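A short write-up of the structure that comes next.
No lab work stands behind these numbers, since they all come straight from the coordinates. Nothing here was measured: the structure is a model prediction, and the numbers come from that model. With ideal geometry, Cβ positions are generated from the backbone for all residues, glycine too; neighbour counts draw on all protein chains shown.
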Amino acid sequence: MVIPQHVAIILDGNGRWAKSMGRPRNYGHVRGAKNLEIICEDAYNMGIKYLTVYLFSTENWKRSKDEVDALMRLFRRYTKTCIKTARDNNMKVRVLGDPRALDEDLQKSLRDLVESSKDNTGLNFQIAINYGSRDEIVRAVRRVAQDCAEGKLQPEEITEDCFSGYLDTAGVPDPDLLIRTSGELRLSNYLMWQLAYTEFYFTEVPWPAFTKDDLWKAIEKYNGRERRYGGVREE
Ligand code: IPE
Ligand code: IPE
Ligand code: MG
């Protein structure tokens, strides 16, 4: 079995899962965050080197204030716990997205998380929070334009590789496999540049119920695919 080097996940369906249990949406988010810790360990034990998860999109601010507040409280707790799990499990954490819209204390915890885990050599774990692919590309273009204006970069030096280095994912290889849980067949503004040649796997299973076995199913499916351009397949 070929294990994809980089798996990206759109963790969707927390709300619907909670509803099906007769519980409030926020309960789904809490269980979803717990499940993420479990799947992180499972992914690493399976041999996955990079895991990138979508926690909060630039569009998610449009949800009710109650839900956004509850999510931000959860991220605060999750980030603190993650500092410990990153240490215990040797995980290197990176944050994708624009942190400036987040409260200062959460920004600080995220900086602490990245800083304290930067020398770890186990799973490379990317969390996308206040992330939108269009926003990421626009922020990158601004920095490119700035560097050109300052004479640090010539327009003809802008190549795909050079541009990739301006994205939040600089230095992270493109995903080999994208998984979206809970049945929706769309990207919702996730990693549009990086997913150009990624294999997609959609499952009806909602995120809080997604297990190691479901991850295996996705990897089995990935193994049955004929990949083009995106990565090297070893036999
Ligand atoms: C995913 O679950 C988590 C976030 C987007 C924060 P949802 O909250 O989107 O759950 P559904 O899709 O409404 O069921
Ligand atoms: C995508 O899920 C964003 C995250 C998982 C964080 P959404 O549930 O927000 O996406 P849409 O609104 O269904 O496209
Ligand atoms: Mg959703």
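Relative contact order for the chain: what percent, with Cα pairs under 8 Å and sequence separation of 6 or more?
About 28 percent, as a whole number.
For ARG94, what residues show an amide H to amide H distance below 5 Å, using hydrogens built from the backbone and excluding near sequence neighbours?
Here PHE125, GLN126, ILE127 satisfy the definition.
Each residue of segment 109-115 in order: what ³J(HN,Hα) in whole Hz does its phi give by Karplus 6.51 cos²θ - 1.76 cosθ + 1.60, θ = phi - 60°, with x for Gly and Pro?
4, 5, 4, 4, 4, 5, 5
Based solely on its DSSP helices, what 222 nm [θ] is calculated for the chain when runs of n ≥ 4 H residues each add -39,500 (n - 2.57) and the sum is averaged over all residues, nearest 500 deg cm²/dmol?
Value at 222 nm, helices only: -14000 deg cm²/dmol.
Mind listing the phi-derived Karplus ³J(HN,Hα) values for segment 202-216, rounded to whole Hz, using 6.51, -1.76 and 1.60 with θ = phi - 60°, and x for any glycine or proline?
Taking θ as phi minus 60°, the curve returns 10, 10, 6, 4, x, 3, x, 9, 6, 10, 3, 4, 5, 5, 4 Hz for segment 202-216.
What does the charge count around PRO99 come to, taking other residues whose C-beta lies under 15 Å from its C-beta (Lys +1, Arg +1, Asp -1, Glu -1)?
With Lys, Arg at +1 and Asp, Glu at -1, the net is -3.
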